[in-house]
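Have a look at the structure below before the remarks.
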Amino acid sequence: ETSGATLGIDEVRTLMFGDLMSQPAAPNRPYTECSDIKELQAKVEGHLATYNMMSTKKMDLVCFLYMLEHLSRCARVIKTPGGNALLVGVGGSGRQSCAKLACFLADFNAYQIEITSGYDSNAFREDIKKMLTKSGGKDEKTVFLFSDSQIKSEGFVEDLKDRKSVV
């Protein structure tokens, strides 16, 4: 309750903070309240258009409140030192796309493995080594995107859990 007024679910859902109103990859992006959802939606659609101009793999996202909420969460986790998230949902719901757009907005590289027919545990470990070298050794801001469809072997998940077997 604020000043005798009760906040409803719509007011709470539209209460968002972040740096999504700023230009992507701009230094010192202010972390502010995004008080106007329509303005936020227009800014995110502009950021998406910029992403699509720069990317070889275009994303066709619909910006609506639920998507903006998830984008805001992904952006917050990505910008948190050591941040990590597990995005759960049905295929085609836009989780990866939100994460990729959040990476773009934060000037992070999204690293994904390419699964082929001969892809095995050794290839997976080599890919993880490349990603770790980029992120840790070269200090490149990197997000590792790994989906359930990329788990060819239970060992992949075990390797991620037990980092000693990868390095």
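The values are calculated or read from the model by the stated rules, or taken from the named source; none is laboratory data. Here the structure is a predicted model, which means the values were calculated and not measured. Here Cβ is always computed from backbone atoms with ideal geometry, including for glycine, and neighbour counts include all displayed protein chains. Ligands, DNA and RNA are stripped out before the accessible areas are found, and what is left, the full protein with its side chains, is counted by its heavy atoms. Shrake-Rupley method; radii C 1.70, N 1.55, O 1.52, S 1.80 Å.
Overview of results
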| item | result |
| --- | --- |
| Output for the stretch 58-74, where each listed residue is part of a helix (DSSP H, G or I) and touching a residue at least 40 places away in the same chain (Cβ under 8 Å) | 65, 68, 69, 71, 72 |
| Number of positions in the stretch 43-58 that are hydrophobic (A, V, I, L, M, F, W, C) and closer than 14 Å to residue 71 by Cα | 2 |
| Filtered residue count, the stretch 75-134, keeping only those that are in contact (Cβ under 8 Å) with a residue 40 or more places away in the chain, open to solvent by 30 Å² or more (accessible area, probe 1.4 Å) and assigned to a helix (DSSP H, G or I) | 6 |
| The stretch 35-81, residues that are at pLDDT 90 or above, of a type in the set (Gly, Ala, Ser) and under 25 Å from residue 10 (Cβ atoms) | 42, 46, 72, 75 |
| Any pair with Cβ under 8 angstrom, 6 or more apart, that starts in the stretch 151-167 at a residue that is of a type in the set (Asp, Glu) and ends at one that is modelled with pLDDT under 80 | 158/165; 159/165; 159/166 |
| Residue in the stretch 60-83 that is more than 17 Å from the chain's Cα centre (by Cα) and closer than 23 Å to residue 144 by Cα present | no |
| Selected residue (criterion: least open to solvent (accessible area, probe 1.4 Å)) from residues of the stretch 135-167 that are among the β-branched types (Val, Ile, Thr) and at pLDDT below 85 | 166 |
| Subset of the stretch 17-34 that is modelled with pLDDT of 80 or more and under 15 Å from residue 104 (Cα atoms) - its residue that is most open to solvent (accessible area, probe 1.4 Å) | 23 |
